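Readers should treat all values here as calculations from the given coordinates under stated rules, not as data from a laboratory. Since the model is a prediction, treat every value here as computed from it, not as a measurement. When we count neighbours, we look across all protein chains shown, and the Cβ atoms used for this are built from the backbone with ideal geometry, even at glycine.
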Amino acid sequence: MVKAVILAFDTDVKGREVASIEMEDGRVVIHTSYSGVRERLMEGITGRQGREFTMEDGEDFIRELPYAITGSVMRAKLV
């Protein structure tokens, strides 16, 4: 099963998990209490080579998260 987590790197807590994304019953499910994170993911992501992914892309969406969400404030990683 493919699963990713999104980590926040802010001044208070380095690497705090703010969301987990996984497949449940054949669909992508986002577990988070942060509405901004949920909304951003539901809009879709831009993965490798500028390719667009939506939650309907299932495991491909999750696998592209580390490429789409990478930076000094938030990062995604597969777990």
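Could you say which residue among Ser20, Ser35 is hydroxyl-bearing (Ser, Thr, Tyr) and under 13 Å from Val5 (Cα atoms)?
Ser20 is the lone residue from the list that is hydroxyl-bearing (Ser, Thr, Tyr) and under 13 Å from Val5 (Cα atoms).
If a residue must be in contact with a Lys or Arg (Cβ under 6 Å, 6 or more places away or on another chain) and not in a loop (DSSP other than H, G, I, E, B), how many such residues does the stretch 40-79 contain?
Here the count works out to 2.
Quickly run through the stretch 34-50 and pick out the residues that are in contact with a strand residue (DSSP E or B) (Cβ under 8 Å, 6 or more places away or on another chain), of a type outside the set (D, E, K, R) and on the phi < 0 side of the Ramachandran plot.
Tyr34, Val37, Leu41, Met42, Ile45, Thr46, Gly47
For the stretch 30-76, what are the residues that are surrounded by 13 or more Cβ atoms within 10 Å (Cβ to Cβ), aliphatic (A, V, I, L, M) and without any contact (Cβ under 8 Å) to a residue 40 or more places away in the chain?
Result: Ile30, Val37, Leu41, Ile45, Met55, Ala68.
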